[in-house]
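Any read-out appearing in this document is the output of simple, stated calculations on the displayed coordinates, not a laboratory observation. Computed from a predicted model, the values in this text were never measured in an experiment. Here the Cβ positions follow ideal geometry from the backbone for every residue, glycine too, while neighbour counts run over all protein chains shown.
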Amino acid sequence: MAAPARVAEPLATGDQLPEDALTVIGTDYLGLPPAEDGWAYFRVGSEIYRADFQTRRVIAQVSQ
């Protein structure tokens, strides 16, 4: 019997992205506007966040 998968709590505005957050490319395919002005989209688990590219601080959660 396998242990249940751990479900992480969503990140809040201002939270630091975890080290394993992946930059999302092909955002037009996902229906997201292009990144601009120093921020990018990141995937953490099944959630997508807009975050500052330099500081990796969450600006907003864009998936729900």
Spread of Cα-to-Cα distances over 5 Å intervals beginning at zero, given as percent, for the chain: 4, 18, 30, 22, 13, 6, 4, 2, 1, 0
Environment charge at residue 39 (Cβ cut-off 13 Å; Lys +1, Arg +1, Asp -1, Glu -1): 0
